[in-house]
Amino acid sequence: MSKGTKLIVVVRDPVTRAISDYTQTLSKKPDIPTFESLTFKNRTTGLIDTSWSAIQIGIYAKHLENWLLYFPIGQILFVSGERLISDPAGELGRVQDFLGLKRIITDKHFYFNKTKGFPCLKKAEGSSKPHCLGKTKGRTHPNIDQKVVQRLREFYRPFNMKFYQMTGQDFGWD
Ligand SMILES: Nc1ncnc2c1ncn2[C@@H]1O[C@H](COP(=O)(O)OS(=O)(=O)O)[C@@H](OP(=O)(O)O)[C@H]1O
């Protein structure tokens, strides 16, 4: 990879990310254990299983430490997955600026689709029709035991703080 390569990384709340990841696996393998049981090495002590990829991927600060061995921070853009939903044009504005492109994609390209519950394109490329992402994006997540969610929030907090500090951005995941 060229030294000047620019990287764009979309990050979202690691707890929601883990549940989303699990939801995707569940859709392909309905017989897998529950999210709650996969989360812990030891549920009684609350020890999280960081070898489970759904959990591990969300420890962004650790991954960033490794990437910084190869790329300067200025070559990496961190896109907020939450803002990609609440303000897609704003977030894509940052992407276009980062890539040195003219801001061609703006608010006027999006509308909020109430059925999908997400922003969609008013016109897909090369078509005059609106376009939303497919059924595999924006799935309903299973209900997860709130105590497990809370334990995961606690687990991720220090890593999130470190990540905000490293990127100079507060993603507001607390
Ligand atoms: N506009 C729009 N429409 C639908 N979905 C949207 C959109 N913007 C962001 N998202 C969020 O993207 C999540 C899926 O993206 P992933 O990165 O998990 O996709 S991938 O499976 O890795 O390709 C998906 O996560 P889930 O909600 O868990 O399905 C969405 O929350």
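The values are calculated or read from the model by the stated rules, or taken from the named source; none is laboratory data. Note that the structure is a prediction, hence the values are computed from the model and not measured. With ideal geometry, Cβ positions are generated from the backbone for all residues, glycine too; neighbour counts draw on all protein chains shown. Side chains included, ligands, DNA and RNA excluded: accessible areas come from the protein's heavy atoms. Shrake-Rupley method; radii C 1.70, N 1.55, O 1.52, S 1.80 Å.
Would region 90-99 turn up any residue that is away from the ligand (no atom under 11 Å from the Cβ), β-branched (Val, Ile, Thr) and under 20 Å from the mean Cα position of the chain (by Cα)?
Yes, some residue in region 90-99 is away from the ligand (no atom under 11 Å from the Cβ), β-branched (Val, Ile, Thr) and under 20 Å from the mean Cα position of the chain (by Cα).
Which condition breaks for Phe155 when tested against (1) assigned to a helix (DSSP H, G or I); (2) open to solvent by 80 Å² or more (accessible area, probe 1.4 Å)?
Of the numbered conditions (1) assigned to a helix (DSSP H, G or I); (2) open to solvent by 80 Å² or more (accessible area, probe 1.4 Å), the odd one out for Phe155 is (2).
Taking the conditions exactly as written (in a loop (DSSP other than H, G, I, E, B), free of Cβ contacts under 8 Å to residues at least 12 places away in the same chain and within 19 Å of Val15 (Cα to Cα)), does Asp174 satisfy them or not?
no
Which residue is farthest from the ligand (Cβ to nearest atom), if the candidates are limited to region 132-143 and must be open to solvent by 80 Å² or more (accessible area, probe 1.4 Å) and not β-branched (Val, Ile, Thr)?
Asn143
For Ile48, only one of the following conditions fails: (1) touching a Lys or Arg at 6+ places or on another chain (Cβ under 8 Å); (2) without any contact (Cβ under 8 Å) to a residue 24 or more places away in the chain. What is its number?
(2)
Considering only region 22-45, I want to know if a residue exists there that is within 20 Å of Lys162 (Cβ to Cβ) and within 16 Å of the ligand (Cβ to nearest atom).
Taking region 22-45 as the starting set, the residues that turn out to be within 20 Å of Lys162 (Cβ to Cβ) are none.
No, region 22-45 contains no residue that is within 20 Å of Lys162 (Cβ to Cβ) and within 16 Å of the ligand (Cβ to nearest atom).
One line per residue, one yes/no per condition, for (1) small (Gly, Ala, Ser); (2) within 22 Å of Gln56 (Cα to Cα); (3) modelled with pLDDT of 95 or more:
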{"residue": "Gly100", "(1), (2), (3)": "yes, no, yes"}
{"residue": "Lys114", "(1), (2), (3)": "no, no, yes"}
{"residue": "Gly134", "(1), (2), (3)": "yes, no, yes"}
{"residue": "Gly172", "(1), (2), (3)": "yes, yes, yes"}
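Within the bounds of region 32-41, is there any residue that is more than 22 Å from the chain's Cα centre (by Cα), modelled with pLDDT under 95 and either closer than 20 Å to Trp173 by Cβ or open to solvent by less than 60 Å² (accessible area, probe 1.4 Å) (or both)?
There is no residue in region 32-41 that is more than 22 Å from the chain's Cα centre (by Cα), modelled with pLDDT under 95 and either closer than 20 Å to Trp173 by Cβ or open to solvent by less than 60 Å² (accessible area, probe 1.4 Å) (or both).
Out of Lys129, Lys62, Lys102, Lys122, report the one residue that is in contact (Cβ under 8 Å) with a residue 60 or more places away in the chain, more than 10 Å from the ligand (Cβ to nearest atom) and among the charged types (D, E, K, R).
Testing whether each residue is in contact (Cβ under 8 Å) with a residue 60 or more places away in the chain, more than 10 Å from the ligand (Cβ to nearest atom) and among the charged types (D, E, K, R) leaves just Lys62.
Just give me the residues in region 106-123 being under 17 Å from Glu82 (Cα atoms), outside any strand (DSSP E or B) and open to solvent by less than 100 Å² (accessible area, probe 1.4 Å), in sequence order.
If the condition is that a residue be under 17 Å from Glu82 (Cα atoms), outside any strand (DSSP E or B) and open to solvent by less than 100 Å² (accessible area, probe 1.4 Å), then Lys116, Gly117 are the ones that fit.
Does Ile48 qualify as being among the aliphatic types (A, V, I, L, M), under 24 Å from Gly172 (Cβ atoms), more than 16 Å from the ligand (Cβ to nearest atom) and touching a strand residue (DSSP E or B) at 6+ places or on another chain (Cβ under 8 Å)? Spell out how you get there, then give the answer.
Details: among the aliphatic types (A, V, I, L, M): yes; under 24 Å from Gly172 (Cβ atoms): yes; more than 16 Å from the ligand (Cβ to nearest atom): yes; touching a strand residue (DSSP E or B) at 6+ places or on another chain (Cβ under 8 Å): yes.
The answer is yes for Ile48.
So Gln146 clears everything in (1) open to solvent by less than 70 Å² (accessible area, probe 1.4 Å); (2) more than 15 Å from the ligand (Cβ to nearest atom) except one condition, right? Which one?
In the conditions (1) open to solvent by less than 70 Å² (accessible area, probe 1.4 Å); (2) more than 15 Å from the ligand (Cβ to nearest atom), Gln146 misses (1) alone.
Tell me which residues, restricted to region 83-105, are within 30 Å of Gly4 (Cβ to Cβ), of a type in the set (A, V, I, L, M, F, W, C) and surrounded by 13 or more Cβ atoms within 10 Å (Cβ to Cβ). Walk me through how you get there before you give the answer.
Kept after step one, since they are within 30 Å of Gly4 (Cβ to Cβ), are these residues of region 83-105: 83-84, 87-105.
From what's left, of a type in the set (A, V, I, L, M, F, W, C): 84, 89, 92, 95, 98-99, 101, 104-105.
Once the filter is applied, which keeps residues that are within 30 Å of Gly4 (Cβ to Cβ), of a type in the set (A, V, I, L, M, F, W, C) and surrounded by 13 or more Cβ atoms within 10 Å (Cβ to Cβ), region 83-105 yields Leu84, Ala89, Leu92, Val95, Phe98, Ile105.
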